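No lab work stands behind these numbers, since they all come straight from the coordinates. The structure presented is a predicted model; accordingly, all values stated were derived computationally and were not measured. Quick reminder, even Gly has a Cβ in these numbers, built from the backbone with ideal geometry, and neighbours come from all protein chains shown.
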There are 2 protein chains.
Amino acid sequence: MDKRLFRQVYDLLLEKLKNKEWEEHEKLPSVRILAEELGVNRLTVLRAYQLLKETGRIYVKEKSGYYVLPEKQREGHVRTKEEAPLHESESESRFGARRSAQLHSFAQALVDPALLPNRYFSEYAKKVFDLYPKVLGTYSSVQGDEELRSVLCRLFARTHQLHLNMEDLMITTGAQQAIDLTARAFVQSGEVVLIERPTYHAAITIFEGCGARLVPVDIHPDGYDMDHLEALLRQYQPKLFYMNPTFHNPTGYTVPIRQRKLLAELAERYQCLIVEDDSFRDIYFGEPPPPPVASYDTEGWVIYIRSFSKYAAPGLRVAAVCAQPPRMNLLLQYKYQMDNGAPLLNQKVFLLYLASERLTGHLEKLRIALGIRKTVMEEELRTAGWTWESPQGGLSLWVRLPAEGGSAEEVLRRCAEHGVAFSPGNAHDPIRELRNYIRLSYSFVNEAGIREGMRRLISCSGVPERA
Amino acid sequence: MDKRLFRQVYDLLLEKLKNKEWEEHEKLPSVRILAEELGVNRLTVLRAYQLLKETGRIYVKEKSGYYVLPEKQREGHVRTKEEAPLHESESESRFGARRSAQLHSFAQALVDPALLPNRYFSEYAKKVFDLYPKVLGTYSSVQGDEELRSVLCRLFARTHQLHLNMEDLMITTGAQQAIDLTARAFVQSGEVVLIERPTYHAAITIFEGCGARLVPVDIHPDGYDMDHLEALLRQYQPKLFYMNPTFHNPTGYTVPIRQRKLLAELAERYQCLIVEDDSFRDIYFGEPPPPPVASYDTEGWVIYIRSFSKYAAPGLRVAAVCAQPPRMNLLLQYKYQMDNGAPLLNQKVFLLYLASERLTGHLEKLRIALGIRKTVMEEELRTAGWTWESPQGGLSLWVRLPAEGGSAEEVLRRCAEHGVAFSPGNAHDPIRELRNYIRLSYSFVNEAGIREGMRRLISCSGVPERA
């Protein structure tokens, strides 16, 4: 579609509306008919109608068509969910929370779309169609595009001290699919799964969903209590341990190298799979993080999940899961059942990203931008006298609420009235406690939004700011 | 990446190889170093190396690099799996069977990539990035892009007599993911699932995988034995009935309208969900097929799965699953667990396809091309005196083997030596019998390939051709 053409159609319709060629509440010509009349693509007309709807000129009746919105209604035009502009709707939280001018959302551990190289990436991604003219006509294999797997293996060897064969790596639709695959492939109902406390809320849902018995392992700023962990391994003989040892979600903590080596040993000794979710490795503010636990694994007891696209092109949903052959075969079997392989287009677009130094160079800028946002959020917390452990990477802070303000959920309710959102601690707790903690993500809102939102949050927490 | 640049790099390297600038078995410069030397993108070098590998000039050692292939080895260069050219490898069957110059594959119910509008589609798809500049930076909602769902609802209303709200429709990564979702959402281990006999082999795997007890329902050229079906519903009180009533896979049969109406009634009466997989509706050779069973459903007992992208851009993996609110909520919950929503890029590219009459017009040509291939295959079968029921649509024939040749699997083994493949009947049978039937897909091989492959198949079947 030609953008100028779209604009012309839009302007034409706007002119006609202004000239009152149609009456108030009159039905506009159907998309199909108008497209034929104007000799343009239907999508061009559809988009023009949508923009007119978004700007409050017309309205839509489901299954009927577009109608002229009366002028007086236009003045007081309040956007309902259905009428919200397309792009805003698309950039809403996946968990249902909507972004509005008023909402200061610290609830989403997602990168602010304004920090992503969207336009440049799009320009670049078009080249995929030149380079791979059959990319739309071709299925990927279940395991994923060979070229991408090969490039990722080289990347892991170079930067993660992780040496894999292409056969040990599968492409998934996001890290979440990889977690779901491990749950389906390796956990039977009633089996014990160790899981960090706190942890990624979707992992709790997934492992509970397959009937696992969750046993929590506390994570501290300096990692795990390894003696206690070994006691749990001995006592419960768990099937697997789901962990996120690098800039952990929600705390941002990182498990130190010496524990990583020991974890790989313990996994083998107690025949407990480690599922290492490495989704935040790219976002560090000081030194790059230590190599993954998987890099110390010699016997195939660590399944490594690496998320990528979220920091550059989250729309692509490209992640990888790595496992040794017998386990990989089982994962492949479930991946085959589940969707028969990730779409090839996304894999090829991501391949081009990896090959472009200019694009991957974006990460450097992103780290700086997120580091500034983190600093701003921490300044506000410090002023209020709150307590938290400052992490060296990731997208969030794990913050203890002052005792006087009530539980996280109570504070969240009060905050909601003031357009502030965050993730309450119990959502991250496999045993649904930790009610006096909250996760504050600094990745989605800009600096001014963080200052304003934090001040509202602190005031809602029921504790006056310190002088 | 600039294609001319890629060609220049390739030609440069080829020249150097011809001039023996490197010795036999000498290691070539790494991709990274050569890219720096030539001042080009690494991917350009990688692609050039791959093309040299594909054409038998160089070889690769895993984790080491590219090496000069000696001339004498080049002459007898036989492609191993690892060395196969990229695009050929990608267009191989998802089930592991490889296409080679010799292989006449009737095993894959996939459309021959040569019949797809790849190049034109690619040109068109690039426009998505202009129209939706943030498409790579944006997640889709779990349920799928609103614009696409709205267009699909209108399409279903116009062409399927199926009237849905946008909330009743979810986008999935292919129909297979939709089947897997219904199995996870609605079937508990030990529950009874009715399934056609024969049926789609992946559906057997999926429902067996969730512990269902499969009860077969024979499908005939004129549909089901409805009295017998009702008796099964009464006897087993099944949780759901997975069916593919329109150009059924593997037989091509279509359930008649009167049975469709009755099926919707029976589903409600016996509280048995119908999961209607409608993956072949677009491929008809005479009249368009009757409306789906779902169009006769008034009480929400039919879950409707519609596959789309396979006939135009299979790489996109876009399908839809439709269900009424309470069931849709459960499907959404599992979709959230499974991958948190299909990638937005694919949905937007597919949206442009639906809006383009020139692109959707491709289906008309595809029907003609496939109709010719079907005719050719049937001519060969007729000459051999084999028996089958000629279907009015779909991608395959369901053929009874002559008794003298042994089981389908025995014939398949003999055929494999002659480069012919098909899908044996027992793979499609929930009770693993039907050993004297085979599924022959006419969609993947061109007319000449069908003639040659069918002659080999018939000769391998152990029955001499009739005079």
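Based on the Cα coordinates of the protein assembly as shown, what is the per residue volume of their convex hull in Å³? Provide the component values of the computation, followed by the final result.
Details: hull volume 174.2 nm³, N = 934.
Here the figure is 187 Å³ per residue.
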In chain B, what residue has the beta-carbon at the shortest distance from the axis of the rotation relating B to A, and what is that distance in angstrom, rounded to the whole number?
B:126, 2
Going by how many other Cβ atoms sit within 10 Å of their own, how do A:27, A:127, B:335 line up, fewest first?
A:27, A:127, B:335
Proxy exposure order for A:130, B:339, A:218 (fewest C-beta within 10 Å first) is A:218, A:130, B:339
Label points for residue B:371 built 7 Å along Cα→Cβ; distances to same position in the other copies, nm, shortest first, come to 6.6
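Counting partner chain Cβ atoms within 10 Å of every residue's Cβ in A:207-214, what's the average? Could you put the intermediate results ahead of the total?
Numbers: counts 0, 0, 4, 2, 0, 0, 0, 0.
Rounded to a whole number, the mean comes out at 1.
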Run the label-point distances for residue A:25 please: 7 Å along Cα to Cβ, every other copy, nanometres, shortest first.
8.8
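Of A:104, A:220, B:160, how do they rank once you tally other Cβ atoms within 10 Å and put the fewest first?
A:220, B:160, A:104
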Given R₀ = 30 Å, FRET efficiency for residue B:188-residue B:228 by Cβ-Cβ distance, to 0.05?
0.75
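Count, for each residue of B:110-119, the Cβ atoms from other chains sitting within 10 Å of its Cβ, then give me the mean as a whole number. Write out the running numbers ahead of the final one.
Details: counts 1, 1, 1, 5, 2, 1, 4, 2, 8, 5.
Across B:110-119, the average partner-chain Cβ count within 10 Å equals 3.
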Explain nothing, just compute: Karplus ³J(HN,Hα) = 6.51 cos²θ - 1.76 cosθ + 1.60, θ = phi - 60°, for every residue of the stretch B:163-174 in order, whole Hz, x for Gly and Pro.
10, 10, 8, 4, 6, 8, 10, 10, 8, 10, 7, x
Which residues qualify? For residue B:283, with a placed amide H closer than 5 Å and at least 5 residues away or on another chain, they are B:394
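Quick check of the Kirkwood formula: for the stretch B:3-76, what is the inverse mean of 1/r over all pairs of different Cα atoms, in Å?
By the Kirkwood definition, the hydrodynamic radius is 12.3 Å.
Before anything else, pin down the relative contact order of the stretch A:1-63: Cα pairs under 8 Å, at least 6 apart, normalised by residue count, whole percent. Walk me through the intermediate numbers first.
Numbers: 35 pairs, mean separation 25.4, N = 63.
Computed over the stretch A:1-63, the figure is 40 percent.
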Find the relative contact order for chain B and round it to a whole percent, using C-alpha pairs within less than 8 Å whose residues are 6+ positions apart.
18 percent
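Kindly work out what percent of the DSSP beta bridges joining two residues of the stretch A:134-357 are antiparallel, to the nearest 5. Please report the intermediate quantities before stating the final value.
Details: 10 of 28 bridges.
If I count the DSSP bridges inside the stretch A:134-357, around 35 percent turn out antiparallel.
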Residue A:138's amide H: which non-local residues (gap 5+, or another chain) put their own amide H closer than 5 Å, with H modeled 1.01 Å from N in plane and none for Pro or chain starts?
B:315
Pair-distance profile P(r), taking every C-alpha pair of the stretch A:323-467, with 5 angstrom steps and integer %:
2, 8, 14, 15, 13, 10, 10, 10, 9, 6, 2, 0, 0
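Provide the FRET efficiency to the nearest 0.05 for the residue A:382-residue A:360 pair, computing r from the beta carbons and using R0 = 30 Å.
Details: r = 34 Å, r/R0 = 1.12.
So, using R0 = 30 Å, E works out to roughly 0.35.
If I take every Cα pair under 8 Å that is 6 or more residues apart in the stretch B:122-359, average their sequence separation and divide by the length, what percent do I get for the relative contact order?
Details: 405 pairs, mean separation 65.1, N = 238.
Here the relative contact order equals 27 percent.
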Using the basic label-point model (7 angstrom from Cα toward the beta carbon), what is the residue B:413 to residue B:389 distance in nanometres?
3.1 nm
Return the aspartates and glutamates within reach of residue A:261: Cα separation strictly under 12 angstrom, same-chain partners fewer than 8 residues apart disregarded; answer none if there are no such residues.
A:297
Copy-to-copy spacing for residue B:357, label 7 Å out on the Cα-to-C-beta vector, in nm, shortest first?
5.0
Subtracting the Cα-Cα distance of residue A:64 and residue A:161 from 0.36 nm times their residue separation yields 29.0 nm
What does the structure give for B:121-131 when I average, per residue, the other chain Cβ atoms found within 10 Å of the residue Cβ?
6
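For the protein assembly as shown, give me the percentage of DSSP beta bridges that are antiparallel, rounded to the nearest 5 percent.
Details: 50 of 90 bridges.
About 55 percent, rounded to the nearest 5.
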Please list the non-local residues whose amide H lies under 5 Å from the amide H of residue A:389, H modeled 1.01 Å from N, same-chain partners needing a gap of 5 or more.
A:398
I need the Kirkwood Rh of chain B: take the reciprocal of the average 1/r across all distinct C-alpha pairs and report it in angstrom.
24.6 Å
Antiparallel versus total DSSP beta bridges in chain A: what percent is that, nearest 5?
55 percent
